[in-house]
1. Any chance you could list P(r) for the range 35-91, counting all Cα-Cα pairs in 10 angstrom bins from zero, rounded to whole %?
2. In nanometres, what is the gap between the two model label sites at PHE23 and ASP49, each 7 Å from Cα along Cα-to-Cβ?
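Taken together, the values in this text are just the output of simple stated rules run on the coordinates, not laboratory data. Model, not experiment: these values are computed from the prediction. Cβ coordinates were reconstructed from backbone atoms using ideal geometry, including for glycine residues, and neighbour counts include every protein chain displayed.
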Amino acid sequence: MAVGRRLRPHGVGTDWVEGPTVFKDNSGDGWWVFMDEAGGRGYLPFHTDSLAEPDWSLPSDYRLPSRPRHGTVLPVTAEQLARVRAAYPNS
């Protein structure tokens, strides 16, 4: 995947990734790609402000669930999120 070539020069330090999923930031401030660094750190969230001129970075303060797997991101409204959290309060 071409994203891997663009990550290494920017200090992220990964050569091999798989299972990418790209989505627009909820705030409208850029884009995210979640990728699995197989055999390495696992699933990682990278951010860029532009897809036309990507400068991918890995936030130092990211938090993902334990051992996430390949998947996709679905947009939800605040109301939908509240209903999910109410239905699964200990998750």
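1. 17, 36, 36, 11, 0
2. Here the modelled spin labels are 2.4 nm apart.
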